[in-house]
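The values are calculated or read from the model by the stated rules, or taken from the named source; none is laboratory data. Just so you know, these numbers come straight off a predicted model, no measurement behind them. Note: ideal-geometry Cβ built from the backbone for every residue, glycine included; neighbour counts use all protein chains shown.
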Ligand code: KIV
Ligand code: NA
């Protein structure tokens, strides 16, 4: 499926108006997000956000395909990108191609995202030369949480050089954009100035060519997850909690259902629409 915004169109936005990106995992949220975003990502964060997993490591291809199909139904203008989950692409370029092509064929997404820098460059080249646009993801890569020993800021001090090399490697391999996660401002600026494709930051300062957040994070769905890099634009979790508490009280006090929610035995004669 050709989306209104294509990977080349995203690439052409380098250095221009900031790219607006959010995640989505369901059709109704995809509709809300599509109206305002350039890129909609079905992130493997779905495992933590919607399935109660403690990391993204347990996310499967079937989960990505199912949420990918749901989101596709809500997208009209944005570029739809789907994450390749842990274990679906690291073994070989051929494995990555098989799984990326499956996601594209089943969901109609126009591109995939995968985590990793220099070690993944060969795979990115393999996919992009065979018609699969790839968004890279470097810096803090959550699928490597065990190797990192936590979700720490990346690229302070000497480690910055390695991440800069990663950025250059994935851009040269053909990635149409690069997600920079939880890296310092100076490093994000250097990478953004160095590579010729857009950088999309999450916890990576305003120096990037665009920004992405997990939609449930910025909507304030969680009481217990408040990372420094997330700005909460709403408190939907609290609003929902209050609504559920009010419903429970109403039912226990027999205030709900009220007369207006009840089907009468004889429809009112004046009603145009029969009840
Ligand atoms: O899985 C995800 O939501 C992501 C974004 C936060 C970049 O990879
Ligand atoms: Na992800």
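Looking only at residues that are without any contact (Cβ under 8 Å) to a residue 60 or more places away in the chain and within 12 Å of ligand 1 (Cβ to nearest atom) in the range 136-150, which one is nearest to residue 122 (Cα to Cα)? Looking at the filtered set, the residue picked out is 136.
Hey, can you tell me all the residues within the range 232-249 that are under 23 Å from the mean Cα position of the chain (by Cα), assigned to a helix (DSSP H, G or I) and under 30 Å from residue 206 (Cβ atoms)? Steps first, answer last, please.
At the first step, the residues of the range 232-249 found to be under 23 Å from the mean Cα position of the chain (by Cα) are 232-238, 240.
In the following step, the residues that additionally are assigned to a helix (DSSP H, G or I) were identified as 236-238, 240.
Selection gives 236, 237, 238.
Total residues in the range 34-65 satisfying the condition of being within 16 Å of ligand 2 (Cβ to nearest atom) and assigned to a helix (DSSP H, G or I): the figure is 8. Within the range 184-220, being in contact (Cβ under 8 Å) with a residue 40 or more places away in the chain, within 16 Å of ligand 2 (Cβ to nearest atom) and under 15 Å from residue 137 (Cβ atoms) holds for 200, 203, 204, 210, 211, 212, 213, 214. When residue 80 is tested against (1) within 16 Å of ligand 1 (Cβ to nearest atom); (2) in a helix (DSSP H, G or I); (3) buried (at least 18 other Cβ atoms within 10 Å of the Cβ), exactly one condition is not met: (2).
Being closer than 20 Å to residue 115 by Cβ, at pLDDT 95 or above and either touching a helix residue (DSSP H, G or I) at 6+ places or on another chain (Cβ under 8 Å) or part of a loop (DSSP other than H, G, I, E, B) (or both), is that true of even one residue in the range 223-231? There is at least one residue in the range 223-231 that is closer than 20 Å to residue 115 by Cβ, at pLDDT 95 or above and either touching a helix residue (DSSP H, G or I) at 6+ places or on another chain (Cβ under 8 Å) or part of a loop (DSSP other than H, G, I, E, B) (or both).
I'd like to verify a number: residues in the range 90-112 that are crowded, with 24+ Cβ neighbours inside 10 Å and within 16 Å of ligand 1 (Cβ to nearest atom), how many? Number of matching residues: 5.
Out of 194, 184, one residue alone is touching a helix residue (DSSP H, G or I) at 6+ places or on another chain (Cβ under 7 Å) and more than 16 Å from ligand 1 (Cβ to nearest atom). It is 194. Residue-level check: of (1) under 15 Å from the mean Cα position of the chain (by Cα); (2) under 28 Å from residue 9 (Cα atoms), residue 176 misses just (1). Among the residues in the range 113-125, are any more than 16 Å from ligand 2 (Cβ to nearest atom), surrounded by fewer than 20 Cβ atoms within 10 Å (Cβ to Cβ) and either within 16 Å of residue 56 (Cβ to Cβ) or free of Cβ contacts under 8 Å to residues at least 12 places away in the same chain (or both)? Yes: one or more hits.
Residue-level check: of (1) modelled with pLDDT of 95 or more; (2) within 24 Å of residue 213 (Cβ to Cβ), residue 129 misses just (2).
Does residue 160 meet the test of being more than 27 Å from residue 87 (Cα to Cα) and in contact with a helix residue (DSSP H, G or I) (Cβ under 8 Å, 6 or more places away or on another chain)? Don't jump to the end; show me each part of the working.
Values: more than 27 Å from residue 87 (Cα to Cα): no; in contact with a helix residue (DSSP H, G or I) (Cβ under 8 Å, 6 or more places away or on another chain): yes.
No: the conditions fail for residue 160.
Among the candidates 204, 167, the residue that is in a loop (DSSP other than H, G, I, E, B) and buried (at least 24 other Cβ atoms within 10 Å of the Cβ) is uniquely 204. Restricting 74, 87 to those that are in a loop (DSSP other than H, G, I, E, B), free of Cβ contacts under 8 Å to residues at least 40 places away in the same chain, more than 14 Å from ligand 1 (Cβ to nearest atom) and surrounded by 15 or more Cβ atoms within 10 Å (Cβ to Cβ) reduces the list to 87.
For residues in the range 1-32 being within 16 Å of ligand 2 (Cβ to nearest atom) and over 19 Å from residue 209 (Cα atoms), which is surrounded by the fewest Cβ atoms within 10 Å (Cβ to Cβ)? Here the residue is 25.
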